[in-house]
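A short worksheet on the structure shown next.
The values are calculated or read from the model by the stated rules, or taken from the named source; none is laboratory data. It should be emphasised that the depicted structure is a prediction, and the values quoted were computed from it without experimental measurement. Ideal geometry is used to build each Cβ from the backbone, glycine not excepted, and the neighbour counts take in all protein chains shown.
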Amino acid sequence: MDTTFANKLEAFRLRVETDQIDRYHRSFPGGNEELCRHATVTKIKSGTKYYKVDVGDSGKYMVEVATGNIFGIKGRGQVHKGHFYGTLDTIADYFWGEYHPQRLSAPLPTGKWGYPKLTFAPKQEKTVQAEPENLDEQQRRDEKNGLYPQHIDQAN
């Protein structure tokens, strides 16, 4: 893991923890500090495809290693691709203290009971190699079928 990704991940952990503490103090003014620490401590566990972000004793978010996309979870260790909450670069756009993150600039669309609707990560564009312009149609078909240039080399 490179240092910039690690720094962004640590910044995300701190942001989630401070927003959770803020919400706890607003919900329970004068509440027990020991309970607050226990309920809001945020830990990161590494994985091969995802980093798991736990708040208190519960799993809460998963961060994709390859892209830095932040998702909610279905259950312990199961990513929910329909609950997309931005990337490690956009953590300041959300308040992370509620049950579901609240977008600060424009609220997430809500469903029937007020829960956020499914939001998906943007698709990454696939890179397509440009074909040389001097190939005729037969060469393109042969190349597509795996006959060119091996077919030409074997004939000579």
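None of LEU9, LEU14 is among the hydrophobic types (A, V, I, L, M, F, W, C) and under 16 Å from GLY56 (Cα atoms) except LEU14.
Of the strands (runs of 3 or more DSSP E) that lie entirely inside the range 1-74, not one contains 3 or more residues that are closer than 20 Å to PRO101 by Cβ, out of contact with any Gly (no Cβ under 8 Å at 6 or more places or on another chain) and without any contact (Cβ under 8 Å) to a residue 12 or more places away in the chain. Take the residues in the range 85-102 that are within 15 Å of the chain's Cα centre (by Cα) and of a type in the set (S, T, N, Q), then tell me which one is surrounded by the fewest Cβ atoms within 10 Å (Cβ to Cβ). Checking each candidate, the answer is THR90. Please state which one of THR119, THR48, THR110, THR67 is more than 11 Å from the chain's Cα centre (by Cα), hydroxyl-bearing (Ser, Thr, Tyr) and either within 29 Å of THR3 (Cβ to Cβ) or modelled with pLDDT of 90 or more (or both). Residue meeting the stated conditions: THR48. The set of residues in the range 74-107 that are closer than 15 Å to VAL55 by Cβ and among the β-branched types (Val, Ile, Thr) contains only ILE91.
Being part of a strand (DSSP E or B) and touching a Leu at 6+ places or on another chain (Cβ under 6 Å): is that true of GLY82 here? Answer is yes for this residue. Residue selection: ILE91 satisfies the criterion of being in contact with a strand residue (DSSP E or B) (Cβ under 9 Å, 6 or more places away or on another chain), of a type in the set (Val, Ile, Thr), in contact (Cβ under 8 Å) with a residue 12 or more places away in the chain and assigned to a helix (DSSP H, G or I).
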